[in-house]
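No lab work stands behind these numbers, since they all come straight from the coordinates. Source: prediction; values computed, not measured. Virtual Cβ from ideal backbone geometry, glycine too; neighbours counted across all protein chains shown.
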Amino acid sequence: MNPVRWIGGSIRIQIILWNVCVLALILALLGVTLRYTLHASLIAGVDREMTNRSMGRNHIPPPDQRALGFGGGPPPGPPNDAAPMQLGFGEAQGRAGQPGQAQGGQPPQWLERGVLHLMDAQGPRRPNVGRPPMERSMDFQRHDFFSHATVTPYDLASFLRSTQGESLHTTVFQDGEELRVYSTVIREDGSPGSSAPPGSGPVVGVLQMAQPLTDVNQEVGDLTRTLMTLIPLGLIITALGGAFLANRALHPVQQITKAAERIGAQDLSRRLPVTGRDEFSRLAGTFNAMLERIERAFAQQRRFTGDASHELRTPLAVIKLNTSLALRGQRTAEEYREALETVDKAADQTTGIVQDLLLLARADTGQIRADQAPTPVEDAMDAAWELARGAVDCPPMLHTDLAPDLSVRARPDDLTRLLRNLLDNAVRHTPPDGSITIAARVENRQAKISITDTGEGIAPEHLPHIFERFYRVDAARGSARGGTGLGLAICEAIAQASGGSLAIDSKLGAGTTVTLTLPAAPKAANPTKIHARTPPRISS
């Protein structure tokens, strides 16, 4: 089995893969964002630490005061912290009168080249990073202010930009180590006794402070390793949870599939299980409704096949019997004539059944189309009544109430056949002392033609099946009266093909009313003529 096709054909696997992929994308974006945020935050802390440390170091005494060990001159001011701090270096702290020592409780005015310590009331404080930053104080010729030796800036580009008065933070690599470098200018203090603040003199050099990013990279690396461990673990848990949820969610589908596999063409009575009120239950309900329609269609097809065979077998048997009797021996001319007349009637009956079946087949394939030319209802009704009344020896009384000049959009032959079938049923099932009423009127551009009889009526259990093919309310009686059970099915097919509808309302023992609705058409100057002899009306 091709694994790619198996995965692509399994909804369960697709759901799991989609869940895992979506979660992996979310976790990856979250991890990248978290890592970037942490790195930016740590870098900002390093920058802030170096900026704070540079305060008090970015200015120097005048040249005549530097030889005093940087002990004179105005104080550089306290660091930018909430609590006052002392600035010291090495072990030289606490003895008054020594260079670099606090005098009068003030921090030293200048610091020797060395390690910077931050002090508060509780003792030494740790900086924001693991170790204090390195620093280099240089003049424009890159000579150290303390040793006057030529030194190399941590970042030459930043050094050159700072000589123009700019302060900036950069990241460089030096000897395989990543450094965060802060470059700022060094200004000269005013003369002793001057009211000018410290560092208000000219720019005389550049101060660069460098902080190794080892601790920062270690923090970011620890976070990265943690994410690389937790994200796959989370994806595995998601895949297992997705598999469990997919099995739970698709369990109804498995039940529906197994139930559907047990349904065959010979056993359409089975139905799919419907549990709950979710989407799967609605799907199962839809399948059950479809199965019910298919079962009904199969039953109609089987009944149609059996009824068609039976209806065709009867006239064919008559033809076979009469021809066989005629061929057995010498017959008189009258006997031959009677046999041929019987064969002719049987052939006509067979032809009628075949034509009816062909018409229904055309209706099923949509080959019956409505005629746009108007057809007078009165002419079609006269022709249909003339043909229907001849089916019985004593037809019932006819009453008509037709709207004048009423026309519909339908083929004349189809409309005549439709009305003839309806009137034929009314005549056959109405006693001679009964009556048939035909009414026609126009409502909302629709012609409504109703045929009401006072016959025997139809039982309620037969009404839902009355338009089914070969369906008879009383099969034996219908066959004896010459009916095939196709008349109403043909009527409904013609009505629907003409853009109309057919409805039946009946009460057992009280009669039947058939209502035909067709699109009304305006009266034409030359309407289609229906050639038929019009019988006299009893009442109108």
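Pull out the extension gain between Asn247 and Asp348, defined as 0.36 nm times the separation in residues minus the alpha carbon to alpha carbon distance; nm, one decimal.
Result for the pair: 29.9 nm of gain on full extension.
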Remind me, relative contact order of region 374-521 in percent, using alpha carbon pairs under 8 angstrom and six or more residues apart?
27 percent
With r defined as the distance between the Cβ atoms of Leu223 and Arg277 and R0 fixed at 41 Å, what FRET efficiency is calculated, to the nearest 0.05?
0.30
Tell me, in nm to one decimal, what length is gained between Phe173 and Ile26 on full extension, where the rule is 0.36 nm per residue of separation less the Cα-Cα distance?
49.6 nm
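Could you size up the charge dipole of region 196-262 around its Cα centre, putting +1 on the beta carbon of Lys and Arg and -1 on that of Asp and Glu, and report it in debye to the nearest 20?
Details: 4 positive and 4 negative charges, 113 e Å.
Charge dipole of region 196-262: 540 debye, to the nearest 20.
Counting Lys and Arg as +1 and Asp and Glu as -1, each charge on the Cβ, what is the dipole of region 374-521 about the Cα centre in debye, to the nearest 20?
Numbers: 14 positive and 19 negative charges, 65 e Å.
Dipole magnitude for region 374-521 comes out near 320 debye.
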What's the percent breakdown of Cα-Cα distances in region 355-456 across 10 Å bins, shortest bin first?
15, 43, 32, 11, 0
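When the dipole is taken about the Cα centre of region 352-441, and only Lys, Arg (+1) and Asp, Glu (-1) are charged at their Cβ, what size is it in debye, to the nearest 20?
Working: 9 positive and 14 negative charges, 60 e Å.
With only Lys, Arg, Asp and Glu charged at Cβ, the dipole is about 280 debye.
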Can you compute the modelled spin-label distance between Ala326 and Leu17, with each label point 7 Å from Cα toward Cβ, in nm?
7.6 nm
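Could you put Val427, Val392 in order, starting from the residue whose Cβ has the fewest other Cβ atoms within 10 Å?
Val392, Val427
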Sorting Gln349, Leu398, Leu327 by the position of each Cα along the dipole of region 321-423 (Lys, Arg +1; Asp, Glu -1; all at Cβ), the one nearest the positive end of that ordering is Leu327
Antiparallel content of DSSP bridges confined to region 335-479, in %, to 5
65 percent
Scattering profile of region 279-364 at q = 0.20 Å⁻¹ [log10 I(q)/I(0), Debye over alpha-carbon scatterers]:
-0.93
Sorted largest first, extent of region 202-287 alpha carbons per principal axis (Å):
104, 29, 22
Any aspartates and glutamates with Cα under 18 Å of the Lys507 Cα? List them, leaving off those in the same chain fewer than 8 positions away.
Asp453, Glu456, Glu461, Asp474
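Can you put Trp385, Trp18 in order, fewest other beta carbons within 10 Å first?
On the way: Trp385 24, Trp18 11.
Ordered from fewest to most neighbouring Cβ atoms within 10 Å, Trp385, Trp18 come out as Trp18, Trp385.
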Find the Cα radius of gyration of region 374-521, compare it with 2.2 N^0.38 Å by division, and give the number to two decimals.
0.98
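Round to the nearest 0.05 the FRET efficiency obtained for Leu340 and Ala299 when R0 = 35 Å and r is the Cβ-Cβ distance. Display every interim value, and only then the final one.
On the way: r = 40 Å, r/R0 = 1.14.
Once the sixth-power term is evaluated, E becomes 0.30.
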What is the order of Lys448, Lys258, fewest Cβ neighbours within 10 Å to most?
Lys258, Lys448
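Could you calculate the contour length gain from Ala239 to Glu261, that is, 0.36 nm times the residue separation minus the distance between their Cα atoms, to one decimal place in nm?
Details: separation 22, 0.36 × 22 = 7.92 nm, distance 3.02 nm.
The span from Ala239 to Glu261 would gain 4.9 nm if fully extended.
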